[in-house]
Structures are given as structure tokens and as C-alpha cells.
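The structure appears below as C-alpha cells.
The values are calculated or read from the model by the stated rules, or taken from the named source; none is laboratory data. Just so you know, these numbers come straight off a predicted model, no measurement behind them. FYI the Cβ positions are ideal-geometry reconstructions off the backbone, even for glycines, and counts take in every protein chain you see.
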Amino acid sequence: MTLSMPFTDRQVLVVGGTSGIGAGIAHGFLQAGAQVTLTGATAPEVDRARGDPMLAGAQMQVLDVRQAEQVQACVAQFQRLDVLVNCAGVIRRGQEHDPEVFAQVIDINLQGTMRVCTAARALLAQSQGCIVNTASMLSFFGGGLVPAYSASKGAVAQLTKSLAIAYAPDAIRVNAIAPGWIATPLTQALQDDEARAAVILGRTPMARWGTPADVAGPVLFLASSAAAFVTGVVLPVDGGYLIT
């Protein structure tokens, strides 16, 4: 895929960029000439990413977004930051009715996003940069097996809109993507379930699973000068799933 929106020498931080959608986004920015730093929650995740040829050239480090001190230290290493992409997230299907699990998911998906945005605000103000958060289809409707994930992603959508207002005086744009059914390790169990996959694809007008590359293009658009007057948007990237 050739990307026509250059980010030459732009500094991009992709939090949660070691695999899945985050890795696809990091790869897109690398293709477009950006200097990319990506993070993973654990050392093994980062080590695996170092062996991924699609991520060659990226700087990589461990970051647990639940730890405010780690978040501050991660951002403090940058002298300049142009783009922040928040992709760190978890889902615990069938476990999220447990209040402790519910709180853990909220802490990573929602509060982690807020921690990173807050830490990066001053740097992004200096560069008049932008933020792209990761919402979900479940920002728009519920999920009986994933109440914490659904609540967190609904909140990420509202957080994105609220920060778009709050950060506008600093010339920082804040948008989000809302991915649909993307073929990643997070959805592997659903891909392997023929009956469930048939229902998903039957409702998706484009009749296929999305790929991380499908998500990268919209993120690069939102981060580019082509979207200079776009802020507070939650952009579905779902093959039409939400319209059926």
C-alpha cells in the first residue's frame, strides 16, 4: 500500500503499537516517513515486535498505561511530538461482570488513554500536533459479554469529543477511530468460530474481515494536514457494519 500523506521527520508515538491494529498503524506511519516510537504493555510483547519486519525502524519500549509514572517518563523522552495514537486496550469476554475485572478494563482502556493525553498535551501544543484515540463499534451499542469494554469505548468517544474542545485553544486536534471487525489476535477466537464469523460477515456490507492496514489509512488521514479542520470526530472503520 502506498500512502500519499507524507510525515517525513514527524515524531509519532503509538501507544499499544506492538501488535494488531496498533502495529498496522505504526507500519503506516513508518511507510509515510515518520519517526515512530511504539509501546507494548510487557517486555515479551516488545521483544516479539522487534522481530516483526513491518516494524523495522521503529523505536520500541515497555509502557503500562496504568502506571502514571511510566506514562510521564515515556512522554518526557521526547523533545518534540507531532502525533499521539492511543491503541492500548484489553477485552475480557465473559469475565467483565466481575467488578474487579471491570475496573481493570476501564483503567487500561479509558483512564490509560486519558493519562497519555494529559502527559502529552504540552508537547503537542508546541508542535500544534494531534491525537487519534481508539474507540470501537461498541462505542455505539452494547455488548452483553463485554460491559467493561463497551463502557470504556463509549467513554473514549465522549473523552475524544471533550478533549477536542478543551485542547482546541492549544491548536491540538483530537479525533478517534471506531474499528469494526478487524482480523487481529484480539478477534481470533471469533474468526475461528464459523457460526459467529458467518453472522459477523453476513451483517458487514463489504463481506470480509478488516485488516490493520484498513485502519492505518484513516488514522493517517486524521493525523495529516488534509484533516486540518477536523476535530472531535469518531470515525467508524467497519466495512459498513454500523449502517445495517
Return a yes/no flag: does segment 42-57 have any residue that is closer than 19 Å to residue 187 by Cα, surrounded by 15 or more Cβ atoms within 10 Å (Cβ to Cβ) and in contact (Cβ under 8 Å) with a residue 40 or more places away in the chain. no
What single numbered condition from (1) in a loop (DSSP other than H, G, I, E, B); (2) closer than 18 Å to residue 39 by Cβ; (3) of a type outside the set (Gly, Ala, Ser) fails to hold for residue 115? (1)
What are the residue pairs meeting all of these: first residue in segment 189-206, first residue under 14 Å from residue 242 (Cα atoms), second residue among the charged types (D, E, K, R) and part of a helix (DSSP H, G or I), Cβ atoms under 7 Å, and 6 or more apart or on different chains? none
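Of these, 125, 88, 120, which one is over 14 Å from the mean Cα position of the chain (by Cα), crowded, with 17+ Cβ neighbours inside 10 Å and either among the small types (Gly, Ala, Ser) or assigned to a helix (DSSP H, G or I) (or both)?
Just a single option satisfies the conditions, and that option is 120.
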Looking at (1) touching a strand residue (DSSP E or B) at 6+ places or on another chain (Cβ under 9 Å); (2) more than 15 Å from residue 132 (Cα to Cα); (3) of a type in the set (Gly, Ala, Ser); (4) touching a residue at least 40 places away in the same chain (Cβ under 8 Å), which is the one condition that is false for residue 68? (1)
Return the pairs, sorted by first residue and then second, in which the second residue is among the acidic types (Asp, Glu) and modelled with pLDDT of 95 or more, the first residue lies in segment 131-157 and is under 12 Å from residue 179 (Cβ atoms), the beta carbons are less than 6 Å apart, and the residues are 6+ apart or on different chains. 137/238
Being outside any helix (DSSP H, G or I), under 28 Å from residue 115 (Cβ atoms), small (Gly, Ala, Ser) and at pLDDT 95 or above narrows it down to one residue among 176, 151, 166; which is it? 176
Looking across segment 167-188 at residues that are in contact (Cβ under 8 Å) with a residue 60 or more places away in the chain and farther than 16 Å from residue 138 by Cα, the single one that is surrounded by the fewest Cβ atoms within 10 Å (Cβ to Cβ) is 185
When the residues of segment 193-244 are filtered to those that are more than 16 Å from residue 85 (Cα to Cα) and among the charged types (D, E, K, R), which remaining residue is farthest from the chain's Cα centre (by Cα)? 194
